[in-house]
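The values are calculated or read from the model by the stated rules, or taken from the named source; none is laboratory data. Remember, it's a predicted structure, so these values are computed and weren't measured experimentally. In this analysis, Cβ positions are derived from the backbone assuming ideal geometry, glycine residues included, and neighbour counts consider all displayed protein chains. Heads up: the accessible areas ignore ligands, DNA and RNA and are worked out on the full protein's heavy atoms, side chains in. Shrake-Rupley method; radii C 1.70, N 1.55, O 1.52, S 1.80 Å.
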Amino acid sequence: MISDSMVPLTVLCIATYRKGDEFLKECDRQGCRVLLLTEEKLEDADWPRDAIDAFYFVRRHMPEEDIRKGAAHLARTEHLDRIVALDDFDVETAAMLREYLHVPGMGQTTARAFRDKLAMRSRARTAGIPCPEFVHVLNDIAITEWSARVTPPWVLKPRGQAAAIGIRTIASAGHLWEAIHSLGDGRADYVLEQFVPGDVFHVDSLIFNRTVVFAVASAYGSPPMTVAHEGGIFVTRTLAADDPLADSLKAANARVLDSFGLLRGVSHTEFIRGLDGQLYFLETSARVGGAFIVDVVEAATGVNLWREWAKIEIAGEHDAYAAPATRRLCAGIVLSLARQEQPDLAAYVEPEIAQRIRKPHHAGLIVASKDDHRVRELLDAYVTRFYQDFHATAPPPERALD
C-alpha cells in the first residue's frame, strides 16, 4: 500500500477518548510509524501498544497555542505524513495542526462543517438539502421572528457537541427564553431547531477522492436523543440491500458529503424521515459511528470501517484505494446499560448471534442473518428480555457512547 518511494509513512493519531484500536493496528500492519496523541488520564489505558511506536499526551482543555507548540516541537524530529482524529472531539484539533504544520488532509473550514451543528445546517441549506428549520441562538429579533413562524416543540442543541449530548427539548416560547437566558454569554454556542417527529436513520460510509466508495444504510430503533435522555435501550439495524429506502438514504448521504467537501475518510451521517415521507438531514461527521455501529456494519458486510479508513488515509493523495468485496447480510445490535458489572448473556443462545459486547455495566448483542425479518424479530425480543434481565439508567453522558 505504501509508495512514496516505499518510505514508511508516519501517522500521528489523535484520540482523547479510548478508541480506534483497529485503525492503529492497520496502520502498523501497513508498515507505518504510528504516533498517538491522547490525554494524560489515558496514559495507562489498554491501548494496542504493540501497534504504537510512541505516545504523546495533552491535558483536557489545554490551550490551542500549547498544542501547536508541542506538535511543532515533535515535528523537529518526526516527519508527520498524516494527522488523523479518531474521535469527533479531536477533528478540529487535527485540522488545525494539519494547516499549521502543512500536512495534507482536511483543513479547518471543512472540518468545521463536520463538527459545528450550525455550520452543518447552513451548508446543507445552501446546497438545497432538506433539513429542519433552524436559527442561531444569537439575535433576539431573529429568534423571536423564527419562534413565531415555526411551531414548537423545538430542540436546543450545542453547536460543538457530538451525538445527543447536551440537547434540550423546548415546549413553548416561555420555556425557550428561560432556557436561552440560562445559557448566559454561551448562547451563541447553540442552535435552535424545529423538532421533526419521525424515524431516524444513519448512513456509514467510506470516501475516497470525494466519491463514496462504500455505504451502509441503517435504521435506529429509537432516536439516539431518546435513548440518551430517557434511558432507553439502543437498537440499530442495517436495511436490506434491496430496500428502496436504503437507496434513497445512500443518495442523500452522497449529496451531503459532496456538498460538504469531504475528500477522503469515513463518515457517519444521520437523517430523519418526517411524517410527510421526506428525508431531512440531521447531522454528519468525519468519524466512525459510536455505540458499536462499526461492529454491526462488519457483521453485515465483512467490512471493518476502522481498517479501511486507515488504508484510505495511507493511500492519501497519490495512491489508489479500492473498497473490499462485501457480503450481503442484515445485522443489528441491542445495547443497554446494565445493573450488573459483568452481565451474564449465557441464556442468549440463538445461532444468529455474531458478537457479544464485553464492556463493564453494558449488555449487548449483535445479530446477523440473511433474513431481515429474522434480525428484526430477534432485536425486538432481546429488547424485552434486556429490560427484565439487565437494564439500568444513568445521566446523559458527557461523551458519545462507544
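If you bin every alpha carbon distance in the range 106-186 into 5 Å steps from zero, what whole percent lands in each bin?
Pairs per bin, as whole percents: 3, 13, 22, 26, 20, 11, 4, 1, 0.
Find how much the distance from Glu78 to Glu40 grows on full extension, using 0.36 nm per residue of separation minus their present alpha carbon separation; answer in nm with one decimal.
That works out to 11.6 nm of additional length.
Quote the relative contact order of the range 219-310 in percent (integer), defining contacts as alpha-carbon pairs under 8 Å separated by 6+ residues.
Relative CO of the range 219-310 lands at 19 percent.
Treating the beta-carbon of each Lys and Arg as +1 and of each Asp and Glu as -1, no other charges, what is the dipole magnitude of the chain about its Cα centre, to the nearest 20 debye?
That gives the chain a dipole magnitude of about 340 debye.
Ordering Tyr321, Tyr348 by accessible area with a probe of 1.4 Å, largest first, what comes out?
Tyr321, Tyr348
Can you give the extra length, in nm with one decimal, that the chain gains between Leu183 and Arg59 once fully stretched, where that is 0.36 nm per residue apart less the Cα-Cα distance?
My answer for the length gained is 42.1 nm.
Considering only Cα-Cα distances, which of the following residue pairs are longer than 31 Å: Lys25/Lys157; Lys69/Lys157; Lys250/Lys311; Lys69/Lys359; Lys157/Lys311?
Lys25/Lys157; Lys69/Lys157; Lys69/Lys359; Lys157/Lys311
Using the Cα centre as the reference, give the magnitude of the dipole from point charges on the C-beta atoms of the range 167-282 (Lys, Arg: +1; Asp, Glu: -1; all else neutral), rounded to the nearest 20 debye.
280
Using the Karplus curve 6.51 cos²θ - 1.76 cosθ + 1.60 with θ = phi - 60°, work out ³J(HN,Hα) for each residue of the range 206-217 in order, rounded to whole Hz, and write x for Gly and Pro.
Using θ = phi - 60°, the values come out as 10, 10, 9, 6, 6, 10, 6, 9, 7, 7, 10, 9 Hz.
Could I get the Rg over Rh figure for the range 7-93? Both from C-alpha atoms, Rh via Kirkwood, rounded to two places.
My calculation puts Rg/Rh at 0.93.
For Phe214, which sequence-distant residues (separation of 5 or more, or a different chain) have an amide H within less than 5 Å of its own amide H, given hydrogens modelled in the peptide plane?
Leu206
In square nanometres, what is one fourth of the surface area of the convex hull spanned by the alpha carbons of the range 251-308?
4.8
Take the Cα of His361, step 7 Å along the line toward its Cβ, and report every residue of the range 322-351 whose backbone nitrogen sits under 12 Å from that point.
Answer for the range 322-351: 337-342.
Taking just the C-alpha trace of the range 50-119, give me its Rg and Dmax in Å.
When restricted to the Cα atoms of the range 50-119, Rg and Dmax are 12.6, 40 Å.
Return one whole number: the accessible area per residue of the range 222-333 in Å², for a 1.4 Å probe.
Ligands and nucleic acids excluded, the figure is 35 Å² per residue.
What relative contact order, as a whole-number percentage, does the chain give when Cα pairs under 8 Å and 6 or more residues apart are counted?
Relative contact order for the chain comes out at 14 percent.
For the range 1-142, what does the relative contact order come out to in percent, with C-alpha contacts under 8 Å and a separation of six or more?
21
How many nm separate the modelled label positions at Ala392 and Val150, each set 7 Å beyond the Cα in the direction of the Cβ?
With each label point 7 Å from Cα toward Cβ, the separation is 3.8 nm.
In sequence order, what are the phi-derived ³J(HN,Hα) couplings for the range 354-361 according to the Karplus relation 6.51 cos²θ - 1.76 cosθ + 1.60 with θ = phi - 60°, rounded to whole Hz, with x for glycine and proline?
Result, rounded to whole Hz: 9, 7, 10, 6, 10, 7, x, 6.
Which ³J(HN,Hα) values, rounded to whole Hz and listed in residue order, are derived for the range 69-74 from phi using the Karplus coefficients 6.51, -1.76 and 1.60 in 6.51 cos²θ - 1.76 cosθ + 1.60 with θ = phi - 60°, glycine and proline given as x?
4, x, 5, 5, 5, 4
Per DSSP H run of n ≥ 4, the term is -39500 (n - 2.57); total these for the chain, divide by its residue number, and report the mean residue ellipticity at 222 nm rounded to 500 deg cm²/dmol.
-10000 deg cm²/dmol
Mind listing which trypsin sites (Lys or Arg not before Pro) in the range 103-212 are in a DSSP loop and have 14 or fewer other Cβ atoms within 10 Å?
Passing sites in the range 103-212 are Arg210.
Label Ala325 and Arg385 with points 7 Å out from Cα along Cα→Cβ: what is the distance between them in nm?
Here the modelled spin labels are 3.4 nm apart.
Any idea which of His318, Leu335, Trp306 is furthest toward the positive side of the dipole for the range 254-377, if Lys and Arg beta-carbons carry +1 and Asp and Glu beta-carbons -1?
Leu335
Could you give the dipole magnitude of the range 89-169 about its Cα centre, charging the beta-carbon of Lys and Arg +1 and that of Asp and Glu -1, in debye to the nearest 20?
Here the range 89-169 has a charge dipole of around 160 debye.
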